[in-house]
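Below is one structure; the comments refer to it alone.
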Amino acid sequence: MTAATEIAFENTFVRDLEGLYLPWEAAPAPDPQAVLVNDALAADLGLDPVELRTPAGLGLLTGTAPPESATTVAQAYAGHQFGNYSPRLGDGRALLVGELVGADGTRRDLHLKGSGRTPFARGGDGKAPLGPMLREYVISEAMHALGVPTTRSLAVVTTGEPVLREQGPEPGAVLARIAASHLRVGTFQLTAALGKPELLRRLADYAIARHYPELADEENPYLALYRAVIAAQARLVAQWMRLGFVHGVMNTDNVTISGETIDYGPCAFLDAHDPATVYSSIDEGGRYAYGNQPGVAQWNLARFGEALLPLFDDDSDTAIGLATEALQGFADAYLAARDEGYLAKIGVGTPELLEDLYRLLDEQKPDHTLFFRRLSDAARGDTGPVRSLVTDPTALDAWLGSWRAAGPDADAMDRVNPIYIPRNHLVDEALRAAVRGDLEPVQWLLQVLSHPYDEREGYERFAEPAGPDVPRFVTFCGT
Ligand code: AMP
Ligand code: MG
């Protein structure tokens with residue numbers, strides 16, 4: 001176990017990619033208090049979870065007393081936000097502390113969100129309220145337990161300073177996040193726009209070395225990188241869709257090169273399976289609705305291809321041809337991953353059943369999570385529970401008949417269909433209590449969500465959707 005002050009951070013991003021960050025320091029935290037520390041993740045990283053709660057540990061987790069080996073920087077990037085290009089985004093309220101390298105060679109970023117204003121803050125205050133930081137912690141850890149590639153949450157620490165938002169003052173907090181890296185499509189967009197071909201090549205080489213080292217020897221490694229990111233994002237979005245996850249802000253600066261889910265803001269999980277579902281209050285046009293996510297991912301990857309064009313070929317027509325052909329692979333990769341995921345969900349190997357299943361889900365809008373869990377009851381002989389979840393059970397019967405004839409494996413289904421997801425009303429209730437100082441509900445929730453596939457007695461309320469008296473869930477942009 002390494003003490004916070006003795007962590008040997010590496011700083012390859014800073015060393016190799018000058019021009020893509022600004023050295024910066026965290027704002028003071030007058031009274032840091034640990035709210036959540038992820039003991040298991042700390043241990044995985046070789047960090048002492050007890051020490052993380054001491055003043056030295058809190059100095060690391062708030063960025064106010066980083067170890068000698070760290071070089072704290074605000075990363076620069078650009079990005080399309082809701083379709084509009086912003087040439088200069090960057091970490092407005094976040095810092096990269098450095099890279100932790102595991103015994104197996106895995107390199108992971110430690111990054112702090114809520115650590116104060118940086119030169120990229122534009123109009124923002126550089127702060128983060130406790131509720132939204134706990135929300136990222138809970139949902140990212142739930143996603144990890146569900147088996148989805150994601151950034152992880154190491155800790156949430158309150159700073160001792162209040163943060164003002166529309167809803168009123170809230171305790172200020174810093175989230176310590178762990179990620180395979182923070183390279184985004186927006187990092188490439190910025191670099192391409194700077195008009196420095198050498199830096200763009202260096203960034204692409206860095207991304208290959210860090211995430212896809214096997215591609216370095218390819219004939220056209222940059223095209224291979226593009227294809228690999230397309231494949232990783234196709235798989236990622238297929239995972240979101242299988243679980244009913246709505247990211248909420250699929251801007252190009254929130255699309256990772258590693259293929260991890262990043263930046264949990266106005267995200268939420270579906271109750272009813274409705275492709276038009278939007279939770280974010282700022283997404284008025286429904287651009288990032290549940291059912292639009294695969295298409296948006298493809299659009300974002302087109303922007304990535306544009307940024308990479310000069311690396312594909314010296315001749316721009318040839319480069320465009322190569323990029324277009326690669327991007328066409330997205331649809332097939334996504335559909336294959338989606339179908340594979342849904343075949344596992346229904347516990348059979350009969351793709352002919354899928355088209356009718358997708359139509360039934362879109363038309364009948366059952367609770368997305370419970371539908372598949374109750375389908376395993378049907379596989380065991382009891383169709384009552386799943387029929388009770390749809391508006392027109394007789395329309396479901398024909399499909400159930402063909403599906404049962406295909407011999408579904410109920411136990412295999414239960415291993416891929418979660419019973420516990422971060423239901424909006426439960427997350428909301430737990431975060432409200434936490435902001436009032438009562439951490440018990442959020443700790444319970446984290447514990448339940450850490451084993452999403454194992455149904456346990458006494459946990460029924462964590463499996464149920466919100467009752468009819470709970471207002472439609474909306475997430476606000478004031479994070
Ligand atoms: P997000 O949508 O959370 O990924 O953030 C988009 C951009 O806004 C990023 O550049 C963030 O750093 C920046 N940002 C968000 N909230 C704040 C804040 N309170 N202060 C400064 N910058 C912020
Ligand atoms: Mg972001």
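For the residues ALA307, ALA326, ALA268, the requirement of being touching a residue at least 24 places away in the same chain (Cβ under 8 Å), within 16 Å of ligand 1 (Cβ to nearest atom) and touching a Phe, Trp or Tyr at 6+ places or on another chain (Cβ under 6 Å) singles out ALA268. Within the range 1-86, considering only strands (runs of 3 or more DSSP E) that don't extend past its boundaries, which have at least 3 residues that are within 25 Å of LEU134 (Cβ to Cβ) and either at pLDDT 95 or above or within 26 Å of the chain's Cα centre (by Cα) (or both)? It comes to 33-37.
Taking the criterion of being more than 10 Å from the chain's Cα centre (by Cα) and among the acidic types (Asp, Glu), the only residue of the range 114-153 that qualifies is ASP125.
Here PRO171 meets the list (1) touching a Ser or Thr at 6+ places or on another chain (Cβ under 9 Å); (2) more than 16 Å from ligand 2 (Cβ to nearest atom); (3) part of a helix (DSSP H, G or I); (4) not hydroxyl-bearing (Ser, Thr, Tyr) almost entirely, failing just condition (3). Within the range 241-257, does at least one residue satisfy the condition of being more than 16 Å from ligand 1 (Cβ to nearest atom) and surrounded by fewer than 20 Cβ atoms within 10 Å (Cβ to Cβ)? The answer is no, given that none of the residues of the range 241-257 is more than 16 Å from ligand 1 (Cβ to nearest atom) and surrounded by fewer than 20 Cβ atoms within 10 Å (Cβ to Cβ).
When the residues of the range 97-115 are filtered to those that are in contact with a strand residue (DSSP E or B) (Cβ under 8 Å, 6 or more places away or on another chain) and among the small types (Gly, Ala, Ser), which remaining residue is nearest to ligand 2 (Cβ to nearest atom)? Result: GLY114. Inside the range 119-143, residues that are outside any loop (DSSP other than H, G, I, E, B), more than 15 Å from ligand 2 (Cβ to nearest atom) and over 15 Å from ALA176 (Cβ atoms) make up a count of 4.
For first residues located in the range 60-81 and more than 23 Å from VAL37 (Cβ to Cβ), partners that are part of a loop (DSSP other than H, G, I, E, B) and basic (Lys, Arg) and lie 6+ apart or on another chain with Cβ distances below 7 Å form the pairs ALA78/ARG88.
Of all the residues in the range 434-476, those that are closer than 20 Å to GLU166 by Cα and surrounded by 15 or more Cβ atoms within 10 Å (Cβ to Cβ) number 5.
With respect to the conditions (1) in contact with a Ser or Thr (Cβ under 7 Å, 6 or more places away or on another chain); (2) part of a helix (DSSP H, G or I), PHE304 falls short on a single one, namely (1).
Out of ALA398, ALA410, ALA344, report the one residue that is in contact with a Lys or Arg (Cβ under 7 Å, 6 or more places away or on another chain), modelled with pLDDT of 95 or more and small (Gly, Ala, Ser).
Every option except ALA410 fails the conditions.
Residues in the range 182-197 that are among the small types (Gly, Ala, Ser) and buried (at least 24 other Cβ atoms within 10 Å of the Cβ): 1 in all.
Annotation: LEU200 fulfils all but one of (1) of a type outside the set (Val, Ile, Thr); (2) within 25 Å of HIS144 (Cβ to Cβ); (3) crowded, with 17+ Cβ neighbours inside 10 Å; the unmet one is (2). Exactly one condition in (1) within 20 Å of GLY349 (Cβ to Cβ); (2) surrounded by 14 or more Cβ atoms within 10 Å (Cβ to Cβ) is false for ALA405; which is it? All conditions pass for ALA405, except number (2). The selection criterion, being out of contact with any Lys or Arg (no Cβ under 6 Å at 6 or more places or on another chain), buried (at least 21 other Cβ atoms within 10 Å of the Cβ), of a type in the set (Gly, Ala, Ser) and in a helix (DSSP H, G or I), does not hold for ALA224.
Residues of the range 182-219 being under 14 Å from LEU311 (Cα atoms) and not in a helix (DSSP H, G or I), which ones? GLY195, LYS196, ALA216, GLU218, GLU219 - these are the residues of the range 182-219 that are under 14 Å from LEU311 (Cα atoms) and not in a helix (DSSP H, G or I). Might you check whether a residue that is within 13 Å of ligand 1 (Cβ to nearest atom) and either more than 19 Å from the chain's Cα centre (by Cα) or not assigned by TED's automatic domain parsing to the domain that holds TYR77 (or both) occurs anywhere in the range 195-202? Within the range 195-202, none of the residues are within 13 Å of ligand 1 (Cβ to nearest atom) and either more than 19 Å from the chain's Cα centre (by Cα) or not assigned by TED's automatic domain parsing to the domain that holds TYR77 (or both). Only one of the numbered conditions (1) over 16 Å from SER258 (Cα atoms); (2) away from ligand 1 (no atom under 13 Å from the Cβ) is not met by ILE178, and that is (1). Between MET133, MET143, the distinction of being surrounded by 24 or more Cβ atoms within 10 Å (Cβ to Cβ), farther than 26 Å from TRP299 by Cβ, modelled with pLDDT of 95 or more and of a type in the set (A, V, I, L, M, F, W, C) belongs to MET133 only. ARG227 meets each of the listed conditions (1) away from ligand 1 (no atom under 16 Å from the Cβ); (2) touching a strand residue (DSSP E or B) at 6+ places or on another chain (Cβ under 8 Å) apart from (2).
Across the range 106-130, what is the number of residues that are touching a residue at least 40 places away in the same chain (Cβ under 8 Å), of a type outside the set (Lys, Arg) and either surrounded by 24 or more Cβ atoms within 10 Å (Cβ to Cβ) or within 11 Å of ligand 1 (Cβ to nearest atom) (or both)? Number satisfying all stated conditions: 13. The residue list GLY98, GLY102 contains one member that is over 20 Å from ILE257 (Cα atoms), more than 12 Å from ligand 1 (Cβ to nearest atom) and among the small types (Gly, Ala, Ser), which is GLY102.
Counting only helices (runs of 4 or more DSSP H) that fall entirely inside the range 422-479 and contain at least 1 residues that are of a type in the set (S, T, N, Q), the qualifying elements are 424-435, 440-449.
The values are calculated or read from the model by the stated rules, or taken from the named source; none is laboratory data. As the structure is a computational prediction, the values presented were derived from the model and not from experiment. We place every Cβ from the backbone using ideal geometry, glycine too, and count neighbours over all the protein chains shown.
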